[in-house]
Amino acid sequence: MVYLRIASALIALIYWIAEPIGGDGSLVNSLIKASCVTLLAVSVVPSGRLMLVAALALGAAGDYLLSRPGDILFMAGMGAFAVAHILYVVLFLSLPTRMRIVPMVALVAYGVLMAVPMWEGAGALRVPVMAYIVVIIAMGLAALSRARSEQFRVLLAGAGLFILSDTLLATRLFLWEGEAAFPGAFLIWPTYWCAQFALMWGFERSRA
């Protein structure tokens, strides 16, 4: 299954460099974007980690839905990612526990600081956006609460990169104003794909 992961990495790199492929909002662009994490999900199937497969598959579905036009599909995409994060939380909680109070408090504070401007910036979407912030911060807290193990740093990097990517995306969508392009936009995709890859790699090799 290593070939599927290499293919995912190559397609992700091409998508990052050439985005949007086929034009912004095109079906071709959406399918190529979703294929990256789909390949990661399929590559995990032989391991029997079905919950991890489901989390990655929901991420791929979220990639597709968020890239399609319309608020309904956007909310569906956020819902898919929210459920994926809940599955990641369950996977984290299956690992040995070791609380890290200071970084966990810092992460909660970060979530609050992120939520305050988003409440106004998200407009009609503020309720689902607030719910999503709660879920992804919960995923980060679950990561911080796990014991140090061989895969701890990989998993923590995956959770951190996911939060960073979503912060950049939310800033571009809801907070950035003016005609100039959002300067952090070029980091959204690589941080996201690396997050999914790190979580896949870490959970596949972790023991409960």
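The values are calculated or read from the model by the stated rules, or taken from the named source; none is laboratory data. Not measured: the values here are computed from a predicted model. FYI the Cβ positions are ideal-geometry reconstructions off the backbone, even for glycines, and counts take in every protein chain you see.
Structure summary
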| read-out | value |
| --- | --- |
| Any hit, segment 111-118, residues being within 27 Å of A54 (Cβ to Cβ) and either without any contact (Cβ under 8 Å) to a residue 60 or more places away in the chain or under 18 Å from the mean Cα position of the chain (by Cα) (or both) | yes |
| One residue from V112, V105, V116, V89 being surrounded by 15 or more Cβ atoms within 10 Å (Cβ to Cβ), β-branched (V, I, T) and either touching a Pro at 6+ places or on another chain (Cβ under 9 Å) or part of a helix (DSSP H, G or I) (or both) | V89 |
| Among the residues listed as F182, F174, the single one being closer than 25 Å to Y15 by Cα, part of a helix (DSSP H, G or I) and over 15 Å from the mean Cα position of the chain (by Cα) | F174 |
| Candidate set from segment 76-86 (those that are under 17 Å from A122 (Cα atoms) and either of a type in the set (V, I, T) or in contact with a Leu (Cβ under 7 Å, 6 or more places away or on another chain) (or both)); member that is surrounded by the most Cβ atoms within 10 Å (Cβ to Cβ) | G77 |
| Residue count, segment 4-50 (criterion: surrounded by 13 or more Cβ atoms within 10 Å (Cβ to Cβ), of a type outside the set (D, E) and either under 19 Å from the mean Cα position of the chain (by Cα) or at pLDDT below 95 (or both)) | 31 |
| Residue match in segment 141-151 (condition: within 20 Å of F197 (Cβ to Cβ), touching a Leu at 6+ places or on another chain (Cβ under 8 Å) and outside any helix (DSSP H, G or I)) | yes |
| Qualifying residues in segment 62-75 (those that are among the small types (G, A, S) and surrounded by 20 or more Cβ atoms within 10 Å (Cβ to Cβ)) - the one modelled with the highest pLDDT | G62 |
| First in segment 51-74 and over 19 Å from I11 (Cα atoms), second anywhere and among the small types (G, A, S) and not in a helix (DSSP H, G or I), Cβ under 6 Å, 6 or more apart | P69/G25 |
| Among (1) of a type outside the set (K, R); (2) surrounded by 15 or more Cβ atoms within 10 Å (Cβ to Cβ); (3) under 19 Å from the mean Cα position of the chain (by Cα), the one test that L95 misses | (3) |
